[in-house]
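Trainee: I'd like to ask you about the structure that follows.
Values quoted throughout were computed directly from the atomic coordinates according to the rules given, and no laboratory measurement underlies them. In this text, all values refer to a predicted model and were calculated from it rather than measured experimentally. Cβ: placed from backbone, ideal geometry, glycine included. Neighbour counts: every protein chain shown.
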């Protein structure tokens, strides 16, 4: 009788253990899928970072567009802005002016030092 009871208990115990193990495997699979799977935690975090980077890029582009719009407006209406651009980028000058262009990377000459009497 005890033998039969132990065998029945062992069979029911194995069933319970196998059911618990199956549930644990299913739960771990769902957790792993939620973290690593498509639209999982890692994927959503990467998309959030991408959205933040694109938002920052959009803001930078908007600022650049505003600056360029201001520059276009000034070049259409302000003669001083046109002259400044011509002098800086095109190295143009007024009649009678001499334009000296130094090679890039060469240091500017220091102003002369005046000697004062003691």
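Trainee: For the stretch 44-104, what class follows from the C-alpha gyration tensor (a ≥ b ≥ c being the square roots of its eigenvalues): rounded when a/c is under 1.5, otherwise prolate if a/b is larger than b/c, else oblate?
Mentor: Because a/c hits 1.5 or more and a/b fails to exceed b/c, the stretch 44-104 counts as oblate.
Trainee: Additional query: Given a Förster distance of 35 Å, report the FRET efficiency between residue 45 and residue 19 from their Cβ-Cβ distance, rounded to the nearest 0.05.
Mentor: 0.50
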